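Engineer: The structure that follows is given in the form of structure tokens.
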Amino acid sequence: MKSERIHRLNRAPIKQGLYILYLMQTSQRLHCNLALCQAAHLANETGLPLLIVFHLKPDYPEANYRHFRFMVDGLLQCATDAIGFGIGFELSDLPEEQLYSHYLNQAAAIICDQGYLYPQQKWQTDIAANVSCLMETVEDNLIIPIASASNKAEWSARTIRPKLMKKISYFAGDAETKLPPLKYPFRNNASHNNETAERFLETTRKNKYLAPADLSSGERTAQKILNDFIENKLTDYSQNRKDPSLAGSSRLSPYLHFGQISPLQILQKINTLPYAGAFIEELLIRRELAHNFVYFTPHYDDYTILPAWSRKTLKEHRSDLRPQLYSPKELENATTTDSYWNAAMYEMQKTGFMENTMRMYWGKKIIEWSRSPEEAYTTIITLNNRYFLDGRDANSYAGVGWCFGLHDRPWPSKPIFGTVRSMTAQGLARKYDMDTYCKKFLL
């Protein structure tokens with residue numbers, strides 16, 4: 001594994017302790033998990049067992065029962081599989097301050113997987129400042145480590161693409177990193193994980209309920225979806241991925257969001273295959289541009305961070321007559337006169353997913369139907385984060401921003417949008433079989 005992936009979070013040394021602790025957060029898997037590999041090597045070097053702890057937080061920002069259900073189902077699979085590797089795995093729903101006495105203070109060293117959103121980074125830096133042992137974070141959910149790709153927020157895919165392509169051969173080999181056999185297995189694997197999971201899910205079901213999405217979770221499911229994509233969709237991906245009636249996308253985004261599959265592993269499987277170029281563009285260029293955006297942009301979820309040109313043109317057209325005005329509740333209930341848009345909203349509500357073309361159309365129409373661009377932005381962020389399994393994600397924040405001109409360019413001026421790109425129902429009907437798409441989700 002390349003050293004550029006590993007970052008020290010404090011100046012404390014490795015100390016005497018009961019185990020090496022891996023605080024799992026964004027990489028919820030055992031295979032192709034470079035943070036876990038780093039922790040395992042350290043455990044063998046120190047002659048200690050390895051313990052994984054995942055802290056379940058019912059108050060995690062904007063997460064609800066739908067997200068927690070999908071996540072916990074995958075974590076329970078990890079917990080079962082960890083036993084076969086001789087690794088301890090504990091789900092904890094303790095209050096955050098009790099993590100120190102129960103886990104953190106007994107660790108000789110702590111390893112984390114790198115997060116890029118503000119809540120993830122704050123949690124790790126707060127812990128690093130309050131423990132007396134070495135704490136490191138490992139970047140294993142990007143193909144190119146964030147600072148190795150660029151030292152600033154990039155303007156667009158055009159500006160970041162050559163920087164990423166220059167580094168891909170150097171970092172892609174990290175996918176070969178294997179979990180070493182552990183010399184000192186963890187002896188007291190927790191038997192209470194199911195009980196903890198049930199207690200946590202019952203709490204969030206009562207307080208933050210949203211119906212679970214119609215989608216299976218876990219690392220094994222993610223691998224099956226990847227294999228199906230390679231066998232049945234990759235050849236025609238460049239032609240079919242934009243057509244919502246064909247479901248030609250990989251549908252891996254929920255699994256990437258929860259770290260149930262590694263982008264490095266995906267790249268390793270497809271990099272030498274014919275017709276993989278269009279998918280690599282999405283996996284490497286577009287996805288890592290989104291992470292570059294949230295990492296280098298404070299308040300990445302705020303309207304004010306949009307490009308100055310797009311805010312200016314939207315302001316100039318904010319008094320333009322809207323063809324319809326819908327409240328956020330009317331939009332959430334899919335009571336518009338646009339059957340294409342309503343079908344997309346129902347797809348989101350049922351599956352926690354939406355094909356990318358419909359995501360763009362969905363967001364653009366909310367701009368058109370809202371009293372102001374600021375109101376539209378708030379509505380899109382709220383619904384995006386509530387319903388999508390891959391919401392609350394770098395890709396989501398960048399995708400919402402794209403609807404308003406982020407990572408895009410000015411287009412010929414139109415009412416309401418100004419020079420921000422617009423989309424129309426007529427355009428969808430001209431290009432795609434929208435009746436087939438609507439029949440999937442409209443009763």
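Engineer: Being assigned to a helix (DSSP H, G or I) and out of contact with any Leu (no Cβ under 8 Å at 6 or more places or on another chain) is the filter here; which residues of the stretch 184-206 pass it? I'd like the intermediate steps shown before the answer.
Structural biologist: In the first step, residues of the stretch 184-206 are kept if they are assigned to a helix (DSSP H, G or I); the result is 193-206.
Hits for the stretch 184-206 are 195, 198, 199, 201, 202, 203, 204, 205, 206.
Engineer: Among the numbered conditions (1) touching a helix residue (DSSP H, G or I) at 6+ places or on another chain (Cβ under 6 Å); (2) surrounded by fewer than 21 Cβ atoms within 10 Å (Cβ to Cβ), tell me where residue 356 comes up short.
Structural biologist: All conditions are met except number (1).
Engineer: Against the conditions (1) farther than 27 Å from residue 103 by Cα; (2) surrounded by 13 or more Cβ atoms within 10 Å (Cβ to Cβ); (3) without any contact (Cβ under 8 Å) to a residue 40 or more places away in the chain; (4) not hydrophobic (A, V, I, L, M, F, W, C), where does residue 145 fall short? Just the number, please.
Structural biologist: (3)
Engineer: Still on this structure, I have one more. Only residues that are more than 24 Å from residue 356 (Cβ to Cβ), free of Cβ contacts under 8 Å to residues at least 12 places away in the same chain and either surrounded by 13 or more Cβ atoms within 10 Å (Cβ to Cβ) or of a type in the set (Lys, Arg) (or both): list them for the stretch 313-343, please.
Structural biologist: Of everything in the stretch 313-343, those that are more than 24 Å from residue 356 (Cβ to Cβ), free of Cβ contacts under 8 Å to residues at least 12 places away in the same chain and either surrounded by 13 or more Cβ atoms within 10 Å (Cβ to Cβ) or of a type in the set (Lys, Arg) (or both) turn out to be 327, 329, 330.
Engineer: Shifting gears a bit: Restricting to the stretch 381-425, and then to whatever is of a type in the set (Asp, Glu) and within 16 Å of the chain's Cα centre (by Cα), can you tell me which residue is surrounded by the fewest Cβ atoms within 10 Å (Cβ to Cβ)?
Structural biologist: The qualifying residue surrounded by the fewest Cβ atoms within 10 Å (Cβ to Cβ) is 390.
Engineer: Answer yes if at least one residue in the stretch 21-36 is of a type outside the set (Val, Ile, Thr), under 14 Å from residue 123 (Cβ atoms) and not in a loop (DSSP other than H, G, I, E, B), and no otherwise.
Structural biologist: Among the residues of the stretch 21-36, at least one is of a type outside the set (Val, Ile, Thr), under 14 Å from residue 123 (Cβ atoms) and not in a loop (DSSP other than H, G, I, E, B), which makes the answer yes.
Engineer: Shifting gears a bit: Do the conditions hold for residue 63, that is, is it surrounded by fewer than 23 Cβ atoms within 10 Å (Cβ to Cβ) and under 17 Å from the mean Cα position of the chain (by Cα)?
Structural biologist: yes
Engineer: Given (1) in contact with a Pro (Cβ under 9 Å, 6 or more places away or on another chain); (2) closer than 19 Å to residue 416 by Cα, where does residue 328 come up short, assuming only one miss?
Structural biologist: The one condition residue 328 does not meet is (1).
Engineer: Does at least one position in the stretch 177-187 carry a residue that is in contact (Cβ under 8 Å) with a residue 24 or more places away in the chain, outside the structural domain of residue 430 (by TED's automatic domain parsing) and touching a His at 6+ places or on another chain (Cβ under 7 Å)?
Structural biologist: Checking the stretch 177-187: at least one residue is in contact (Cβ under 8 Å) with a residue 24 or more places away in the chain, outside the structural domain of residue 430 (by TED's automatic domain parsing) and touching a His at 6+ places or on another chain (Cβ under 7 Å).
Engineer: Six or more apart or on different chains, Cβ atoms under 9 Å: show the pairs whose first residue is in the stretch 49-60 and assigned by TED's automatic domain parsing to the domain that holds residue 127 and under 15 Å from residue 38 (Cβ atoms) and whose second is hydroxyl-bearing (Ser, Thr, Tyr) and assigned to a strand (DSSP E or B).
Structural biologist: 50/19; 50/22; 51/19; 51/22; 52/22
Conditions tested, residue by residue: (1) surrounded by 18 or more Cβ atoms within 10 Å (Cβ to Cβ); (2) at pLDDT below 95; (3) not in a helix (DSSP H, G or I).
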site: 259; (1), (2), (3): yes, no, yes
site: 264; (1), (2), (3): yes, no, no
site: 275; (1), (2), (3): no, yes, yes
site: 287; (1), (2), (3): yes, no, no
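Residue-by-condition table, conditions (1) buried (at least 23 other Cβ atoms within 10 Å of the Cβ); (2) over 19 Å from residue 125 (Cα atoms):
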{"position": "3", "(1), (2)": "no, yes"}
{"position": "7", "(1), (2)": "no, no"}
{"position": "48", "(1), (2)": "yes, yes"}
{"position": "68", "(1), (2)": "yes, yes"}
{"position": "80", "(1), (2)": "no, yes"}
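Engineer: Can you name every residue in the stretch 128-142 that is closer than 22 Å to residue 393 by Cα and among the hydrophobic types (A, V, I, L, M, F, W, C)?
Structural biologist: Kept after step one, since they are closer than 22 Å to residue 393 by Cα, are these residues of the stretch 128-142: 137-142.
Result: 138, 142.
Engineer: Kindly check whether there is at least one residue in the stretch 375-385 that is part of a loop (DSSP other than H, G, I, E, B), out of contact with any Gly (no Cβ under 7 Å at 6 or more places or on another chain) and over 25 Å from residue 153 (Cβ atoms). Lay out the reasoning, then the answer.
Structural biologist: Step one: list which residues in the stretch 375-385 are part of a loop (DSSP other than H, G, I, E, B), which gives none.
Taking every residue of the stretch 375-385 in turn, none turns out to be part of a loop (DSSP other than H, G, I, E, B), out of contact with any Gly (no Cβ under 7 Å at 6 or more places or on another chain) and over 25 Å from residue 153 (Cβ atoms).
Engineer: Select from the stretch 337-348 the residues that are touching a helix residue (DSSP H, G or I) at 6+ places or on another chain (Cβ under 6 Å) and within 19 Å of residue 382 (Cβ to Cβ) and list them in ascending order.
Structural biologist: Result: 341, 344, 346, 347, 348.
Engineer: Right, next: Of the numbered conditions (1) within 22 Å of the chain's Cα centre (by Cα); (2) without any contact (Cβ under 8 Å) to a residue 24 or more places away in the chain, residue 172 satisfies every one except a single condition; which is it?
Structural biologist: (2)
Engineer: Within the stretch 214-223, identify whether any single residue is surrounded by 17 or more Cβ atoms within 10 Å (Cβ to Cβ) and touching a Phe, Trp or Tyr at 6+ places or on another chain (Cβ under 6 Å), and answer yes or no. Working first, answer last.
Structural biologist: In the first step, residues of the stretch 214-223 are kept if they are surrounded by 17 or more Cβ atoms within 10 Å (Cβ to Cβ); the result is 215, 217-219, 221-223.
Filter again for touching a Phe, Trp or Tyr at 6+ places or on another chain (Cβ under 6 Å), leaving 217, 222.
Within the stretch 214-223, one or more residues are surrounded by 17 or more Cβ atoms within 10 Å (Cβ to Cβ) and touching a Phe, Trp or Tyr at 6+ places or on another chain (Cβ under 6 Å).
Engineer: If only one of 214, 243 is assigned to a loop (DSSP other than H, G, I, E, B), under 20 Å from residue 275 (Cα atoms) and in contact with a helix residue (DSSP H, G or I) (Cβ under 8 Å, 6 or more places away or on another chain), which one is it?
Structural biologist: Of the residues listed, the single one that is assigned to a loop (DSSP other than H, G, I, E, B), under 20 Å from residue 275 (Cα atoms) and in contact with a helix residue (DSSP H, G or I) (Cβ under 8 Å, 6 or more places away or on another chain) is 243.
Engineer: Quick one: is residue 363 assigned to a loop (DSSP other than H, G, I, E, B) and either free of Cβ contacts under 8 Å to residues at least 12 places away in the same chain or surrounded by 21 or more Cβ atoms within 10 Å (Cβ to Cβ) (or both)?
Structural biologist: no
Engineer: While we're here: Taking the options 295, 300, name whichever one is among the aromatic types (Phe, Trp, Tyr), on the phi < 0 side of the Ramachandran plot, under 24 Å from the mean Cα position of the chain (by Cα) and not in a helix (DSSP H, G or I).
Structural biologist: Only one candidate passes the filter, namely 300.
The values are calculated or read from the model by the stated rules, or taken from the named source; none is laboratory data. Treat the numbers as computed from the prediction; the structure is a model and nothing was measured. Heads up, the Cβs are rebuilt from the backbone with ideal geometry, glycines too, and the neighbour counts pull from every protein chain shown.
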